[in-house]
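Trainee: Structure in structure tokens, see below.
Just so it is clear, none of the values below were taken in a lab; they were calculated from the coordinates. Computed from a predicted model, the values in this text were never measured in an experiment. Cβ: placed from backbone, ideal geometry, glycine included. Neighbour counts: every protein chain shown.
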Ligand code: ADP
């Protein structure tokens, strides 16, 4: 299937509700743009409160049928979905690049990563465990069951249009939950294509609805007023996460929150510098740096700072920038004009306060929301970009001499999502890893995301984990049944 075919499968931008493609109840639409040109690529139906309320009705109606579908059958549908995404990897990757802008090679990697959630949770679906035991005092028994939470609602961001959706959808379906997804306004087409494929592989109507919209708050508000929505899972900024957490409190809704990051990338004096540079490129440049686990601050030991800066600077300056679909592109445009303005603001602030541009790649002529790969040195501690997620291809390098002092600076952040350590000594790397305030640590690795591992943060980076064994637990309630069974010892 080509991009147009996938676009057709995504209903040419209509809402996916009750297993069918539909216009919004009030007929509203909005335009989705291509970040490489700034041009509108498709008008998409914009869900409103009426559609949102209907999606809850539909999800509630479908719940009993889905949670009582055998685990084996649920697992088979997820396996088929994994295969379907891989079969359509090229078309899905093109769609991601079209609406998000990221380089095609990153988009392709995202599709395989996104598909893998279906395989992992297909394998978990049949292993949801229950337990049975004796009360210590005797006289009765404990039966502990894991049951689907119920109707779930998701809000996802634009930086991984496929993977942020499947990371939530796959475990929810595996657990027996029904789903309503509101994708980011900038990137709804990929999520709609995922919905189209789910229908193709036999997911029953109403089990998963997708509601694109440019009026997020109105759509989400409906869920928080409806007692039937029992789980809310969000990936996005900490600021929006706080608002949604407050709303979720009203009905004490079970939440998973994947929020912002501000990852430190630590290069120890005994690190293999070439390997650290490769890891830094991975951790900084995947998806153009528009990634919540992107390395945001580089702490490099003084003894190796010159060598690391020279080699990393050379790699950054030679990054091939251009439209994501152009042959050989490594860095595509940023998501929109405001994102570019925000990154320039952070870089200008650092330079005004004394930072120097150690390396910078080119910016293409012509349209599109580009930001050049940039390395900054001599960055002062009060520079705003050390406190704020840059969400772009900018790498500030800071040096350190003393490990304890460096750890204090690295941990001095409101976020605690990812972190990276490069060292030739496992003992040193583990020691530093243990002391970092982060939910995830890459030791001599710049790529850490894996559907089979628990992804999530501490501090203001969020609550709960996605992926791994933990990923399905987030969609299960524990029910304890005390069984009165007379005449047992
Ligand atoms: P960004 O600034 O990168 O867009 P956000 O956290 O604002 O990050 O957006 C992430 C997701 O949250 C998007 O899908 C967006 O539409 C949604 N969102 C933003 N504000 C709200 C809100 N008040 N209620 C529900 N969803 C929201």
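Trainee: Let me have the relative contact order for segment 263-450, percent, based on Cα pairs under 8 Å that are six or more residues apart. Walk me through the numbers before you get to the answer.
Mentor: Details: 370 pairs, mean separation 54.9, N = 188.
Across segment 263-450, relative contact order equals 29 percent.
Trainee: Next question. For a Förster distance of 41 Å, can you work out the FRET efficiency between the beta-carbons of residue 425 and residue 20, rounded to the nearest 0.05? Kindly include the intermediate steps, with their values, before the conclusion.
Mentor: Values: r = 59 Å, r/R0 = 1.43.
So the FRET efficiency works out to roughly 0.10.
Trainee: Assuming R0 = 56 Å, what is the FRET efficiency of residue 135 and residue 387, from their Cβ-Cβ distance, to the nearest 0.05?
Mentor: Working: r = 52 Å, r/R0 = 0.93.
Efficiency for this residue pair is about 0.60.
Trainee: Calculate the length of the line joining the C-alpha centroid of segment 277-322 to that of segment 173-190, in whole Å.
Mentor: For segment 277-322 versus segment 173-190, the Cα centre distance is 33 Å.
Trainee: Here's something else I'd like to know. Quick one: if you stick a label point 7 Å off each Cα along the C-beta vector at residue 412 and residue 445, how many nm between them?
Mentor: About 3.1 nm separates the two model spin labels.
Trainee: Can you give the extra length, in nm with one decimal, that the chain gains between residue 477 and residue 310 once fully stretched, where that is 0.36 nm per residue apart less the Cα-Cα distance? It would help to have the intermediate numbers written out before the result.
Mentor: Details: separation 167, 0.36 × 167 = 60.12 nm, distance 5.23 nm.
Stretched out fully, the residue 477 to residue 310 stretch lengthens by 54.9 nm.
Trainee: Also, I was wondering about something else. Would you mind checking the tilt of helix 49-67 against the longest principal axis of the Cα atoms of the chain, expressed as 0 to 90 degrees and rounded to 10?
Mentor: Helix 49-67 and the main axis of the chain meet at about 60 degrees.
Trainee: I've got another one for you. Which value in nm describes the separation of the simple spin-label points at residue 344 and residue 275, placed 7 Å from the Cα toward the beta carbon?
Mentor: Reported label-point gap for residue 344 and residue 275 is 4.1 nm.
Trainee: Can you give me the angle between helix 89-100 and the longest principal axis of the chain, using Cα atoms only, in degrees from 0 to 90, rounded to the nearest 10?
Mentor: Computed tilt is about 70 degrees.
Trainee: Between residue 87 and residue 53, what length in nm is gained on full extension when 0.36 nm per residue of separation is reduced by their alpha carbon distance? Before the final figure, lay out each step's value.
Mentor: Values: separation 34, 0.36 × 34 = 12.24 nm, distance 3.41 nm.
Here the segment from residue 87 to residue 53 would lengthen by 8.8 nm.
Trainee: If r is the Cβ-Cβ distance from residue 28 to residue 320 and R0 is 35 Å, what FRET efficiency results, to the nearest 0.05? Walk me through the numbers before you get to the answer.
Mentor: Working: r = 39 Å, r/R0 = 1.12.
It comes to 0.35.
Trainee: Share of antiparallel DSSP beta bridges in segment 263-450, in percent to the nearest 5?
Mentor: Details: 4 of 24 bridges.
Restricted to segment 263-450, the bridges split so that about 15 percent are antiparallel.
Trainee: Still on this structure, please answer the following. Please arrange 459, 353, 182 by how many other C-beta atoms lie within 10 Å of their C-beta, fewest to most.
Mentor: Details: 459 17, 353 14, 182 25.
Ascending Cβ contact count within 10 Å gives the list 353, 459, 182.
Trainee: Follow-up question, since we're still on this one. Debye sum, Cα scatterers, the chain, no solvent: what log₁₀ I/I(0) at q = 0.09, 0.10, 0.13, 0.14 1/Å?
Mentor: Reported log10 I(q)/I(0), two decimals: -0.62, -0.76, -1.19, -1.33.
Trainee: Let me ask another. If you rank 30, 299, 370 by fewest surrounding Cβ atoms within 10 Å, what's the result? Write out the running numbers ahead of the final one.
Mentor: Working: 30 18, 299 21, 370 24.
Fewest-to-most ranking of 30, 299, 370: 30, 299, 370.
Trainee: OK, next. Taking only DSSP H segments of four or more residues, each worth -39500 (n - 2.57), what value at 222 nm results for the chain once the sum is divided by all its residues, to the nearest 500 deg cm²/dmol? Working shown, then result.
Mentor: On the way: 15 runs with 194 residues, N = 489.
Rounded to the nearest 500, it is -12500 deg cm²/dmol.
Trainee: Relative to the compact globular guide of 2.2 N^0.38 Å, what is the alpha carbon radius of gyration of segment 317-361, as a ratio? Walk me through the numbers before you get to the answer.
Mentor: Values: Rg = 12.9 Å, N = 45, 2.2 N^0.38 = 9.3 Å.
My calculation over the Cα atoms of segment 317-361 gives 1.38.
Trainee: Something else: For a bin width of 10 Å, list the pair-distance distribution of segment 129-288 built from all Cα-Cα distances, rounded to whole %.
Mentor: For segment 129-288, the binned pair fractions read 9, 30, 26, 18, 13, 4, 0 percent.
Trainee: Could you work out how much longer the chain between residue 126 and residue 237 gets when fully extended? Use 0.36 nm per residue separation minus the Cα distance between them, nm to one decimal.
Mentor: On the way: separation 111, 0.36 × 111 = 39.96 nm, distance 3.36 nm.
Here the answer is 36.6 nm.
Trainee: For segment 263-450, what are the per-bin percents of Cα-Cα distances with bins 5 Å wide, up to the bin holding the maximum?
Mentor: 1, 9, 18, 22, 22, 15, 8, 4, 1, 0, 0
Trainee: Pull out a ≥ b ≥ c, the square roots of the eigenvalues of the alpha-carbon gyration tensor of segment 367-485, then state rounded if a/c is under 1.5, prolate if not and a/b is larger than b/c, and oblate in the remaining case. Display every interim value, and only then the final one.
Mentor: Working: a/c = 2.41, a/b = 1.74, b/c = 1.39.
It is prolate, given that a/c is not under 1.5 and a/b is the larger ratio.
Trainee: Related question: What is the spin-label model distance, in nm, from residue 404 to residue 356 if the labels are put 7 Å beyond Cα along the C-beta direction?
Mentor: About 3.1 nm separates the two model spin labels.
Trainee: Roughly how tilted is helix 302-317, in degrees to the nearest 10 and between 0 and 90, from the longest Cα axis of the chain?
Mentor: Relative to the chain, helix 302-317 is tipped by roughly 80 degrees.
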